[in-house]
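One structure is given here, and the rest of the page talks about it.
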Amino acid sequence: KLTTRQLKAIPILLAAKSYEAGCKAARISKACFYAWMQEEGFAAEFERQRNEIVEAAFGLIAANVEKAVCTLVGLLDTGDERTKRLTANDVIGHFLKRRELVDVEHRIQRIEERLEGRG
């Protein structure tokens, strides 16, 4: 069970640029924060709220990927040759990275299937 003070401190700590700044804003000492982090309940709630923030951020990114890709591809038609070249390299790089990740994913899947067959 968390105290009211702990529950109020978590969002402040997570919003800060550093734990030190968060402790200052939450009006707790760093020693207090680190002691709280040793408590299973506090650490679990801190991690849960941090994961919530991360998931929301990834949701925002995912919602705007198409717009970003369209913007990037649109830059291929710019009159500025340097911008065109840099954009073309970005597009090719993203394509190759995706292809590499898919290949690695397939290789891992085949390895896992072989290992399961032996077990």
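The values are calculated or read from the model by the stated rules, or taken from the named source; none is laboratory data. What you see is a predicted model, and the numbers here were worked out from it, not measured in a lab. Here Cβ is always computed from backbone atoms with ideal geometry, including for glycine, and neighbour counts include all displayed protein chains. Heads up: the accessible areas ignore ligands, DNA and RNA and are worked out on the full protein's heavy atoms, side chains in. Shrake-Rupley method; radii C 1.70, N 1.55, O 1.52, S 1.80 Å.
Summed over the stretch 39-90, the residues that are open to solvent by 50 Å² or more (accessible area, probe 1.4 Å) and either touching a Pro at 6+ places or on another chain (Cβ under 9 Å) or among the β-branched types (Val, Ile, Thr) (or both) give a count of 7. Filtered by the rule that a residue be closer than 20 Å to Ile53 by Cα and either touching a strand residue (DSSP E or B) at 6+ places or on another chain (Cβ under 6 Å) or open to solvent by 70 Å² or more (accessible area, probe 1.4 Å) (or both), the stretch 17-38 gives Lys17, Tyr19, Glu20. In a residue-by-residue description of the stretch 77-84, the property of being in contact (Cβ under 8 Å) with a residue 24 or more places away in the chain and assigned to a helix (DSSP H, G or I) applies to no position. Among the candidates Ala26, Ala44, Ala31, Ala21, the residue that is in contact with a helix residue (DSSP H, G or I) (Cβ under 8 Å, 6 or more places away or on another chain) and either modelled with pLDDT of 95 or more or of a type in the set (Val, Ile, Thr) (or both) is uniquely Ala26.
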